[in-house]
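Worksheet for the structure shown next.
The values are calculated or read from the model by the stated rules, or taken from the named source; none is laboratory data. Keep in mind it's a predicted model, so treat the numbers as computed, not measured. For neighbour counting, all protein chains shown are included, and Cβ atoms are generated from backbone atoms with ideal geometry for every residue, glycine included.
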Amino acid sequence: MEHGIVLKPEVLGYFKNLPITNTLLVSWVAMIILTITSILATLKLKAVPSKLQNFWEMIIEFAYQTVEDLAGSKRAKVFFPIVMTFFLFIITANWMGLLPGFGTITFNHKPLLRSINSDLNMTLSLALISATLTHIFAIKYLGFANYLKRWFSLTLFPVFIFVGFLEIISEITKIVSLSFRLFGNIFAGEVVLSTVSSIFAFVIPLPFYFLEIIVGFVQAAVFMMLTLVFMVILSEKHSSEH
């Protein structure tokens, strides 16, 4: 990575008025990779699974069991596809950013490829999608009236107006936390790798790459689990609502 690391993703060109950044380009590549992999893994399902099928089945079974333990069997069927998609997309994006060529291949004197989650626009978008789906599921499982009662209540009106205001602040904080945690860790890793690689060409950068592989996995898992926990908590009925 020979270019200077900057916060703002580099714009490679425009499609009409839409700027095409290097992080947006890589996000499309990540989606294509996941789509092709999922098609290949499920194209010919066998009773005696192939190595690729067996690999994916182990991952899916473990992840689904984790979701089911937290959310219960009924909600797990709804939550699992969402949180697993977050995990697979984020970990694919994080690990792609460690491949040779990221930051070194240029287009019009700008880096052609850049790690997706080093772009705050991407991580904020993921956090907003997570928060929006969480509230949609809360309304689905609680009903609109009970959903509103979580925020405001006519009982002890002044107190619950204040509590409701704090809850809204808490929801905003969740979005900030989800987006900046992922962005901060991946961007910091990009800076570290760029700095170390510019000083040492061989061997010494390898431990840092290994560390970033672990960080990439952990950050994907953390985003997935936090989203799941938020969904479970907000869609959980209190005893008075049964």
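Observations, loosely collected:
- Residue within the range 123-146 that is surrounded by 13 or more Cβ atoms within 10 Å (Cβ to Cβ), on the phi < 0 side of the Ramachandran plot, modelled with pLDDT under 85 and not hydroxyl-bearing (Ser, Thr, Tyr) present: yes
- Top-ranked residue of the range 210-242 - restricted to ones that are among the polar types (S, T, N, Q) and at pLDDT 90 or above, ranked as surrounded by the most Cβ atoms within 10 Å (Cβ to Cβ): 227
- Among the numbered conditions (1) in contact with a Pro (Cβ under 7 Å, 6 or more places away or on another chain); (2) loosely packed, with under 15 Cβ neighbours inside 10 Å, the only one that residue 207 does not meet is (1).
- Residues that are touching a Pro at 6+ places or on another chain (Cβ under 7 Å) and either surrounded by fewer than 21 Cβ atoms within 10 Å (Cβ to Cβ) or over 22 Å from residue 197 (Cα atoms) (or both), drawn from the range 69-103: none
- One residue from 34, 99, 12 being in a strand (DSSP E or B) and either touching a strand residue (DSSP E or B) at 6+ places or on another chain (Cβ under 7 Å) or free of Cβ contacts under 8 Å to residues at least 60 places away in the same chain (or both): 12
Yes/no matrix, rows are residues, columns are (1) surrounded by 13 or more Cβ atoms within 10 Å (Cβ to Cβ); (2) within 21 Å of the chain's Cα centre (by Cα):
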| residue | (1), (2) |
| --- | --- |
| 24 | yes, yes |
| 29 | yes, yes |
| 33 | yes, yes |
| 37 | yes, yes |
| 41 | yes, no |
| 44 | no, no |
| 47 | no, no |
| 51 | no, no |
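- The residues on offer are 171, 190, and the sole one that is closer than 18 Å to residue 119 by Cβ, in a helix (DSSP H, G or I) and over 13 Å from the mean Cα position of the chain (by Cα) is 190.
- Test: residue in the range 12-19 that is closer than 26 Å to residue 188 by Cα, surrounded by 15 or more Cβ atoms within 10 Å (Cβ to Cβ), at pLDDT 85 or above and not aliphatic (A, V, I, L, M): no
- Count of the range 102-125 residues which are within 18 Å of the chain's Cα centre (by Cα) and not in a loop (DSSP other than H, G, I, E, B): 9
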